[in-house]
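Read the figures in this text as sums done on the coordinates, not as results from a lab. Computed from a predicted model, the values in this text were never measured in an experiment. We place every Cβ from the backbone using ideal geometry, glycine too, and count neighbours over all the protein chains shown.
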Amino acid sequence: MELPESIANACAPLFTQVPLDQAMCRLVGGSPHHAELVEQVLRNPAIAGRADIAAGLWLYVDDLDRSHTVSQSLPDATGSLWHGIMHRREGDFGNSRYWMRRAADHPLIVNEPHLDPFALVDAVSRAHGDEAELVARQRQEWQTLFGWCANWR
């Protein structure tokens with residue numbers, strides 16, 4: 001994932017401890033972990049005050065409650081997208097679709113239609129367990145949105 005050096009350095013302790021291929025293993029739910037490490041990362045001046053980055057990092061460690069609180073504070077399409085992802089991860093698919101509709105004008109949805117967050121919500125709602133293909137799509141979605149936040153916000 002291409003990140004500005006300052007953000008990559010700030011996130012390095014977390015991404016070293018929890019590589020992407022070990023993060024967000026569950027499509028729905030998950031037990032929050034590494035909260036102290038995320039709190040440490042969020043104190044780094046490179047990302048302090050970056051609610052968009054914080055919403056993503058809390059999702060990364062399965063802390064849906066904290067991600068929800070942060071994403072809800074973002075009044076734009078990015079906040080709506082993080083919010084929709086969080087509701088999908090908690091299994092509230094109707095609410096996820098609502099927030100995805102509010103994010104419909106987000107540049108990632110407009111310019112990268114292969115991400116198709118609505119299709120992912122539908123697929124996860126029909127899944128029987130943590131299907132590897134869907135977990136991979138979830139990680140790709142997270143990586144794309146997190147990278148966009150880091151580079152373009």
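Numbers below:
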quantity: For region 66-73, 3J(HN,Hα) per residue [Karplus equation, 6.51 cos²θ - 1.76 cosθ + 1.60, θ = phi - 60°, Hz, x = Gly/Pro]; calculated: 5, 4, 4, 4, 6, 5, 5, 7
quantity: Cα-based Rg and Dmax for the chain, where Dmax is the largest Cα-Cα distance (Å); calculated: 14.1, 42
quantity: Choice from His128, His68, His33 showing the highest fluctuation, given a GNM over the chain with Cα pairs closer than 10 Å; calculated: His128
quantity: Trypsin sites (Lys or Arg not before Pro) within region 34-84: DSSP coil, no more than 16 neighbouring Cβ in 10 Å; calculated: Arg43
quantity: Positive minus negative residues near Arg137 (Lys, Arg vs Asp, Glu; Cβ under 15 Å); calculated: -3
quantity: Spin-label model distance (nm) - Ala132 vs Gln40, 7 Å beyond Cα toward Cβ; calculated: 3.3
quantity: Length released on extending from Cys25 to Ala48, taking residue separation times 0.36 nm less the Cα-Cα span; calculated: 5.6 nm
